[in-house]
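Inspection log for the structure reproduced underneath, given as structure tokens.
The values are calculated or read from the model by the stated rules, or taken from the named source; none is laboratory data. Note that the structure is a prediction, hence the values are computed from the model and not measured. In this analysis, Cβ positions are derived from the backbone assuming ideal geometry, glycine residues included, and neighbour counts consider all displayed protein chains. These area figures cover heavy atoms from the full protein model, side chains too; ligands, DNA and RNA do not enter into them. Shrake-Rupley method; radii C 1.70, N 1.55, O 1.52, S 1.80 Å.
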Amino acid sequence: MRIRNAFATLMICLLLALTVATSVNVYEASAQSKAGCRAVVGTYLYTANVGNLGSFRGVISLAQDGNIFTTASIQGTGAPPVSQPFSDQQGSWKCTSDREIISTVLNFNYPTATSPGSITRADTRSTFDPKAGTIQGTTTGRTFALTANPLTEDAPVSGTFNFTGQRVEPR
């Protein structure tokens with residue numbers, strides 16, 4: 001009988017814990033910290049300039065919860081200015097002021113006949129003009145072996161580029 005009561009008590013505590021955990025918004029604190037930057041949330045079409053290697057286009061999406069998603073016109077090509085095809089980029093961003101953010105994204109570089117697979121971490125500082133709906137920034141990339149931890153380690157800079165963009169609005 002004691003075992004049955006102990007088991008019943010344990011199950012009730014577990015159910016209460018699950019109920020509380022599912023009713024709390026785990027993103028609420030993160031979203032509140034972004035409150036001063038609500039004007040930057042959205043999707044932007046950008047053009048990146050990589051000096052003498054040319055330029056490319058891309059899309060950046062900044063979610064209110066602090067997630068960032070990017071894709072680029074050159075990512076599947078392995079053509080200059082990149083040396084191998086790579087995946088979409090995903091990461092997080094945070095405000096440094098009401099018109100500036102910093103972000104970090106990760107992507108996988110696919111193996112080729114001459115290069116092994118790897119991970120790139122791209123750190124970006126971006127500024128915004130909310131009235132004009134524009135973004136500009138500088139991105140610095142660092143490439144790591146697949147076995148490395150790009151979140152805690154550092155690597156030599158593998159590339160830097162500047163970009164400008166415009167918010168995508170419904171038409």
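Results, tabulated for the structure shown:
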quantity	calculated
Within segment 32-42, considering residues that are of a type outside the set (Lys, Arg) and surrounded by fewer than 15 Cβ atoms within 10 Å (Cβ to Cβ), the one modelled with the highest pLDDT	Ala39
Filter pass, Val59 being among the β-branched types (Val, Ile, Thr) and either modelled with pLDDT under 90 or open to solvent by 70 Å² or more (accessible area, probe 1.4 Å) (or both)	no
Total residues in segment 41-55, condition part of a strand (DSSP E or B) and under 15 Å from Ser158 (Cβ atoms)	1
